[in-house]
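A.B. asks: Quick one: structure below, then a few questions.
The values are calculated or read from the model by the stated rules, or taken from the named source; none is laboratory data. All values reported here derive from a predicted model rather than from experimental measurement. Methodologically, a virtual Cβ is constructed for each residue, glycine included, from the backbone with ideal geometry; neighbour enumeration extends over all protein chains shown. Calculation scope for accessible area: heavy atoms of the full protein, side chains included, ligands and nucleic acids excluded. Shrake-Rupley method; radii C 1.70, N 1.55, O 1.52, S 1.80 Å.
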Amino acid sequence: MRLTIGKKLFWGMSALIMLFVALSQLLNSQFLEDYYVLEKKKQLMDIYSSINKIYQGDADSISLELERLERTTGIHIVVCNSKQEPTYPVKKTIQEPNAGNPPIPQPQNLNQQNSNLPHPGPEKELSFERSLIQLNLDKISEGREAIVFSKDPRIQTNFINLVTTLNNGDYLILNTPFASISESVKIANRFFLFTGLLTLIAGSVITYFMSRKLTMPILKLNDIAQRMARLDFSRKYQVESTDEVGQLGESINSLSTQLHGAISELTEANKKLLEDIERERRIDQMRKEFISNVSHELKTPISLIQGYAEGLKENVNEDEENKNFYCAVIADEAKKMDKLAGELLDLSQIEAGTFKLEKSNFEISRLAAKVMDKYQPIFSEKKINCNLMAEQGLIVYADRFRTEQILVNYLNNAINHVDSQRLITISVQSTQDKARVAVYNSGQPIPEESLGKVWDSFYKVDKARTRSYGGTGLGLSIVRAIQEIDNNRYGVLNKWGGVEFWFELDVAE
Ligand SMILES: Nc1ncnc2c1ncn2[C@@H]1O[C@H](COP(=O)(O)OP(=O)(O)OP(=O)(O)O)[C@@H](O)[C@H]1O
Ligand SMILES: [Mg+2]
């Protein structure tokens, strides 16, 4: 059985009450009577000393004072002269034994100390005092006082007597009723049992509520601590007191806040670390791919140049036409390598983050018209029908050189992929706070799964076709890098039997 604080409190309190009741019973039955006698003796001794102080040898002269003492304390006083004849209250006692005074106990049975004391009858009233003196003469002649117990059979009352000498040698006998309290002790003990039982019941109820009040906050704190162990820091302790439990609550709250903060920081740091590791891994992977792509791209022109150069060397005496052809191939491959090197340089600069856009305001439709003009000879040569649908007067805030680079990349791709319809359209239009520039060419749509990949370096949808026009797969990745630096969107759509590549620019304010 788990001993909760409530149960401990209950059993502790019950044990305490039971111990208290048992101890009281024991003490009452063992010592209460003795204590009572002691108190009575003390009272007699006090009166003795006060009489002794005022007694000058003549009881009559202080009879008033003695009477006052008798009445106020209820103690019967007898003074005898040295001949053991009563001097106070002789006459009154003989003539009116009970006038105004408590009855003098007539000893029938004396206590253990004086058990051989005679049993004088009522007719021998006064000889009782004398016999008391006689019996205790040894003691009192030494200046000590004698305590004697006696019983009056007529009134069934016990008395306690003090016999002693006063300053001048006269005898003083003090006498007070002495109730037997053993019965009272029994009753008191029984009553104490009842009160003990009642206290136990009342105590149980009080303990129950007290322990509830005491343990409730502890249970709440325990719940909070258990949640904290499960890394749930949402619960806080409602501090309602300034006692130890309240202080503990405050400490747990502050611990929870600090732990929450520390663990959040750790989790955040861990997440960032994992992201960093993942990014590193991706970058490493990309770097490897990039290098392998670059070497692959270089391999073809280099081996071609190498082959044709060898051929040129060996066929040095051959006809001019052959030589020219060999030279043209070498020059063409060298041009491709140069283009690749240029694009790689561009891309690495943009991606390194050292590159900055030099932005200014310019009219985008003009730039588009200028690019189109440049391409007019190619359009004519390839019999391409190129249209410009531009919103006039639209001023953008962008890097003019890079914008032209994007447009040229899109246009080159369009020329390289246009189909037999030979239709290319450049459009410029404003959309809310952006200018949207798009290049459409009629042609084969790009497969759905490749739409997102065309922006990756060296990605080619149709490798054979790309090789035929000498593409390296870097043009669109340069577009992506520029747009991402500029925080502007870009994309590709398959529409109207062709493909449209688009990008957005900030409109000048
Ligand atoms: N207008 C288009 N129609 C169909 N496919 C296209 C179009 N533009 C690009 N692509 C595809 O996307 C790929 C990537 O284009 P990107 O411009 O990056 O490289 P590239 O044109 O092959 O070479 P580079 O531009 O470096 O000379 C191309 O290889 C091609 O397969
Ligand atoms: Mg291209």
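A.B. asks: I need the full set of residues from the range 17-65 which are free of Cβ contacts under 8 Å to residues at least 40 places away in the same chain and assigned to a loop (DSSP other than H, G, I, E, B), in order please.
C.D. replies: Within the range 17-65, Asp58 is the sole residue that qualifies.
A.B. asks: For Ala435, work out the one condition from (1) more than 15 Å from ligand 2 (Cβ to nearest atom); (2) open to solvent by less than 20 Å² (accessible area, probe 1.4 Å); (3) free of Cβ contacts under 8 Å to residues at least 12 places away in the same chain it doesn't fulfil.
C.D. replies: So the condition that Ala435 fails would be (3).
A.B. asks: Based on what the data block shows, is Asp373 in a helix (DSSP H, G or I) and not assigned by TED's automatic domain parsing to the domain that holds Asp456?
C.D. replies: Answer is no for this residue.
A.B. asks: Right, here's the next one. Would you say Ile155 is in a loop (DSSP other than H, G, I, E, B), at pLDDT 80 or above and hydrophobic (A, V, I, L, M, F, W, C)?
C.D. replies: In short, yes.
A.B. asks: Looking at (1) under 30 Å from Asp58 (Cβ atoms); (2) in contact with a strand residue (DSSP E or B) (Cβ under 8 Å, 6 or more places away or on another chain), find the lone condition where Ala179 falls short.
C.D. replies: If we test Ala179 against (1) under 30 Å from Asp58 (Cβ atoms); (2) in contact with a strand residue (DSSP E or B) (Cβ under 8 Å, 6 or more places away or on another chain), just (1) comes out false.
A.B. asks: Right, another one. Among the residues of the range 473-490, write down those that are open to solvent by less than 60 Å² (accessible area, probe 1.4 Å) and on the phi > 0 side of the Ramachandran plot.
C.D. replies: Answer for the range 473-490, where residues must be open to solvent by less than 60 Å² (accessible area, probe 1.4 Å) and on the phi > 0 side of the Ramachandran plot: just Gly473.
A.B. asks: Return yes when Gly497 is near ligand 1 (Cβ under 9 Å from one of its atoms) and in contact (Cβ under 8 Å) with a residue 40 or more places away in the chain and no when it is not.
C.D. replies: no
A.B. asks: Continuing with this model, one more query. Kindly indicate whether Lys299 is open to solvent by 60 Å² or more (accessible area, probe 1.4 Å) and within 16 Å of ligand 1 (Cβ to nearest atom).
C.D. replies: In short, no.
A.B. asks: Is there a residue being surrounded by 13 or more Cβ atoms within 10 Å (Cβ to Cβ), modelled with pLDDT of 95 or more, more than 16 Å from ligand 1 (Cβ to nearest atom) and not in a helix (DSSP H, G or I) anywhere in the range 334-356?
C.D. replies: no
A.B. asks: Just checking, which of Val492, Val507 is away from ligand 1 (no atom under 13 Å from the Cβ) and in contact with a Leu (Cβ under 8 Å, 6 or more places away or on another chain)?
C.D. replies: Val507
A.B. asks: Here are the criteria: (1) open to solvent by less than 20 Å² (accessible area, probe 1.4 Å); (2) within 13 Å of ligand 2 (Cβ to nearest atom). Tell me which single one Phe379 does not satisfy.
C.D. replies: (2)
A.B. asks: What residue, among those in the range 37-69 that are among the hydrophobic types (A, V, I, L, M, F, W, C) and open to solvent by 40 Å² or more (accessible area, probe 1.4 Å), is nearest to Val185 (Cα to Cα)?
C.D. replies: Across the range 37-69, the extreme among qualifying residues is Leu38.
Matching residues to (1) at pLDDT below 95; (2) within 14 Å of ligand 2 (Cβ to nearest atom):
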site: Ser427; (1), (2): no, no
site: Val439; (1), (2): no, yes
site: Ser442; (1), (2): no, no
site: Glu448; (1), (2): yes, no
site: Lys463; (1), (2): yes, yes
site: Leu474; (1), (2): yes, yes
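A.B. asks: Quick check on my filter: what residues within the range 449-472 are open to solvent by less than 20 Å² (accessible area, probe 1.4 Å) and near ligand 1 (Cβ under 6 Å from one of its atoms)?
C.D. replies: Those that are open to solvent by less than 20 Å² (accessible area, probe 1.4 Å) and near ligand 1 (Cβ under 6 Å from one of its atoms): Val454, Thr466, Gly471, Thr472.
A.B. asks: For the range 476-489: of the residues being touching a residue at least 24 places away in the same chain (Cβ under 8 Å), closer than 18 Å to Ala398 by Cα and not in a loop (DSSP other than H, G, I, E, B), which is farthest from ligand 2 (Cβ to nearest atom)?
C.D. replies: Filtering the range 476-489 for residues that are touching a residue at least 24 places away in the same chain (Cβ under 8 Å), closer than 18 Å to Ala398 by Cα and not in a loop (DSSP other than H, G, I, E, B), the one farthest from ligand 2 (Cβ to nearest atom) comes out as Ile485.
A.B. asks: Same structure again: Identify all residues within the range 416-431 that are open to solvent by 10 Å² or more (accessible area, probe 1.4 Å), more than 9 Å from ligand 1 (Cβ to nearest atom) and either part of a helix (DSSP H, G or I) or of a type outside the set (Gly, Ala, Ser) (or both); write none if there are none.
C.D. replies: Across the range 416-431, the qualifying residues are Asp419, Gln421, Arg422, Leu423, Thr425, Gln429, Thr431.
A.B. asks: Still on this structure: Please name all residue pairs, on different chains or six or more residues apart, with Cβ atoms under 7 Å, provided the first residue is in the range 454-465 and is touching a residue at least 40 places away in the same chain (Cβ under 8 Å) and the second residue is small (Gly, Ala, Ser) and within 11 Å of ligand 2 (Cβ to nearest atom).
C.D. replies: The qualifying pairs are Ser457/Gly473; Ser457/Ser477; Phe458/Gly473.
A.B. asks: With the checklist (1) assigned by TED's automatic domain parsing to the domain that holds Ala435; (2) over 27 Å from Asp462 (Cα atoms); (3) not hydroxyl-bearing (Ser, Thr, Tyr) in hand, flag the one item Asn416 doesn't pass.
C.D. replies: (2)
Residue by residue, here is whether (1) hydrophobic (A, V, I, L, M, F, W, C); (2) open to solvent by less than 100 Å² (accessible area, probe 1.4 Å); (3) at pLDDT below 90 holds:
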{"position": "Val239", "(1), (2), (3)": "yes, yes, yes"}
{"position": "Ala262", "(1), (2), (3)": "yes, yes, no"}
{"position": "Thr267", "(1), (2), (3)": "no, yes, no"}
{"position": "Glu280", "(1), (2), (3)": "no, no, no"}
{"position": "Lys288", "(1), (2), (3)": "no, no, yes"}
{"position": "Ser295", "(1), (2), (3)": "no, yes, yes"}
{"position": "Asp319", "(1), (2), (3)": "no, yes, yes"}
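A.B. asks: While we're on this one: Among residues belonging to the range 196-213 that are open to solvent by less than 90 Å² (accessible area, probe 1.4 Å) and in contact (Cβ under 8 Å) with a residue 40 or more places away in the chain, point out the one that is nearest to Ser254 (Cα to Cα).
C.D. replies: Ser211
A.B. asks: Can you tell me which residue among Leu221, Leu231, Leu273 is in a helix (DSSP H, G or I) and open to solvent by 70 Å² or more (accessible area, probe 1.4 Å)?
C.D. replies: Every option except Leu273 fails the conditions.
A.B. asks: How about the range 170-182: which of its residues are open to solvent by 10 Å² or more (accessible area, probe 1.4 Å) and under 17 Å from Ile47 (Cα atoms)?
C.D. replies: Once the filter is applied, which keeps residues that are open to solvent by 10 Å² or more (accessible area, probe 1.4 Å) and under 17 Å from Ile47 (Cα atoms), the range 170-182 yields Asp170, Tyr171, Pro177, Phe178.
A.B. asks: Another question, then. In the range 385-415, what count of residues is obtained for those that are within 13 Å of ligand 1 (Cβ to nearest atom) and either free of Cβ contacts under 8 Å to residues at least 40 places away in the same chain or of a type in the set (A, V, I, L, M) (or both)?
C.D. replies: Summing the residues that are within 13 Å of ligand 1 (Cβ to nearest atom) and either free of Cβ contacts under 8 Å to residues at least 40 places away in the same chain or of a type in the set (A, V, I, L, M) (or both) in the range 385-415 gives 6.
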